Amino acid sequence: MNISKIKSMSDKYLLGFYKRFDLAFVKGEDVFVYDLKGEKYLDFTSGIGVVNLGHSNRKVVKALIKQAKKIMHTSNLYYIPSQPELARLISSVSFDGKTFFCNSGTEANEAAIKVARWIGKQISPRKTKIVTLEGSFHGRTIGSLSITGQEKYRKGFEPLMPDVVFVRPNDVDDLRKKIDDDVCAVFVEAVQGEGGVIPLDKEFVEELRNITEKHSALLIFDEVQTGIGRTGKFWGYQHYDVTPDAITMAKGLGNGFPIGAFHLARRFADKVDFGIHASTFGGNFLAVAAGKAVLKSIKGRVLKNASSMGTYLLGKLEKVKNDYSELVSEVRGKGLMIGVEMKRDGDAKRCVEELLSKNILTLTAGKNTLRILPPLTVKKNHIDYFVESLMECLMLIA
Ligand SMILES: *Cc1c(COP(=O)(O)O)cnc(C)c1O
């Protein structure tokens, strides 16, 4: 098969939701992917924050093969022995709680929305309001789209779910104005991903914790992109001196195998009831095997690498910013979740295209941000190569 054949087949048989590059990858190995012709690319997207342990990570592959040979799926009508083991692992790296497994980030947030409303209504029938941030991204299904604070995703689907209020990120006054006793939950990303790699301030997050406690609203961190070591700590919230009431996760949790989860602090767990939510596939044998392999692998060494390589990359990008101050306005991020904010409209997209022509995969985010999400296994020489290539691209578009 060649790319033009794949392209015409895809155009003919797939619903046109995606605008794709003229590329198809057929093999992956750690930080590299290979296209149909066997050409090698440096993947600084991690499949959008998914393959945090690198492509076709050996331990994950081994766990999946071993499990597939035994049993792949029963249903959640029966016990799945490995499910509580993975849930216990999640508790051990976050906070003591109980977990529901699903298949994606948007599903994890749907579960969180439903549980927040369910718990809220036990306090008052009016406690249904959800607060989220402008510029946030929480998914594409109607519930999680409704709490996504970006017009470009919402347009065309109104009316969406009511009772959602948006607060400006890092604006404590706006936060205080908009939270009251009718709020059942606040959703935030520690670092907004799709919104443009925008980290929350310490002061804002601490006020968030205080004010949600005061009004008995759940503080829910959407860790779908920031979780599983992406920011150099296991979870994005761990950069702050707070503990959330719940977290949602997906992307990196299966390192490429679809799995999501909603994890709720134990003190709220007895407020949910049988039958209020379910998933056919959620937490099946294969997904849980992948999740367990990932959680056992994201340990000190991996987190330390993510943190130190992130600092190294950020430092190099600061120099790039100074050398190209007419093009780059800011570099920011945590761990290996990094954004390069461009001054001129369209430049982030141009950088992605120019880097692609040098066989490097990157992403855009927000209005004009080049987003870099390398696997957490990335090494100095990959980063050096990336930064050199980026400088060549900037020279070209200057
Ligand atoms: C990607 C993402 C989602 C949605 O995850 P899907 O698996 O695509 O449904 C939700 N929240 C955040 C923060 C994300 O980055």
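The values are calculated or read from the model by the stated rules, or taken from the named source; none is laboratory data. Since the model is a prediction, treat every value here as computed from it, not as a measurement. Cβ placement follows ideal geometry from the backbone for every residue including glycine, while neighbour counts extend to all protein chains displayed. Only protein heavy atoms, including side chains, enter the accessible area calculation; ligands, DNA and RNA are left aside. Shrake-Rupley method; radii C 1.70, N 1.55, O 1.52, S 1.80 Å.
On the stretch given as segment 245-271, residues that are within 14 Å of the ligand (Cβ to nearest atom) and either of a type outside the set (S, T, N, Q) or surrounded by fewer than 24 Cβ atoms within 10 Å (Cβ to Cβ) (or both) total 15. Scanning segment 182-198 for residues being more than 11 Å from the ligand (Cβ to nearest atom) and closer than 15 Å to Leu218 by Cβ gives a total of 5.
Scan segment 204-220 for residues that are within 19 Å of the chain's Cα centre (by Cα) and either within 15 Å of the ligand (Cβ to nearest atom) or basic (Lys, Arg) (or both) and the total you get is 1. Does segment 164-212 hold any residues that are under 20 Å from Gly236 (Cα atoms) and free of Cβ contacts under 8 Å to residues at least 24 places away in the same chain, and which are they? Within segment 164-212, Asn210 is the sole residue that qualifies. So, in segment 139-181, how many residues would count as being in contact with an Asp or Glu (Cβ under 8 Å, 6 or more places away or on another chain) and either open to solvent by less than 40 Å² (accessible area, probe 1.4 Å) or within 16 Å of the ligand (Cβ to nearest atom) (or both)? Matching residues across segment 139-181 total 11. For segment 221-233, taking the residues that are away from the ligand (no atom under 11 Å from the Cβ) and open to solvent by less than 10 Å² (accessible area, probe 1.4 Å), the one that is nearest to Met309 (Cα to Cα) is identified as Thr231. Applying the criterion of being out of contact with any Leu (no Cβ under 9 Å at 6 or more places or on another chain) and not polar (S, T, N, Q) to the residues of segment 292-315, the residue that is modelled with the lowest pLDDT is Lys299.
Beta carbons closer than 9 Å, at least 6 apart along the sequence or on distinct chains, pair a first residue in segment 371-398 that is more than 15 Å from Gly333 (Cβ to Cβ) with a second that is assigned to a loop (DSSP other than H, G, I, E, B) and among the small types (Gly, Ala, Ser) for Pro375/Gly54; Thr377/Gly54. Scanning segment 36-47 for residues that are among the hydroxyl-bearing types (Ser, Thr, Tyr) and more than 16 Å from the ligand (Cβ to nearest atom) yields a single hit, Tyr41. Only one of the listed residues (Arg371, Arg350, Arg344) is surrounded by 22 or more Cβ atoms within 10 Å (Cβ to Cβ) and charged (D, E, K, R). That residue is Arg371. Just to be sure, is Gly16 of a type in the set (Gly, Ala, Ser) and either within 16 Å of the ligand (Cβ to nearest atom) or at positive phi (or both)? Criteria not met by Gly16. Out of curiosity, is His277 in contact (Cβ under 8 Å) with a residue 60 or more places away in the chain, under 30 Å from Cys102 (Cα atoms) and surrounded by fewer than 22 Cβ atoms within 10 Å (Cβ to Cβ)? In short, yes.
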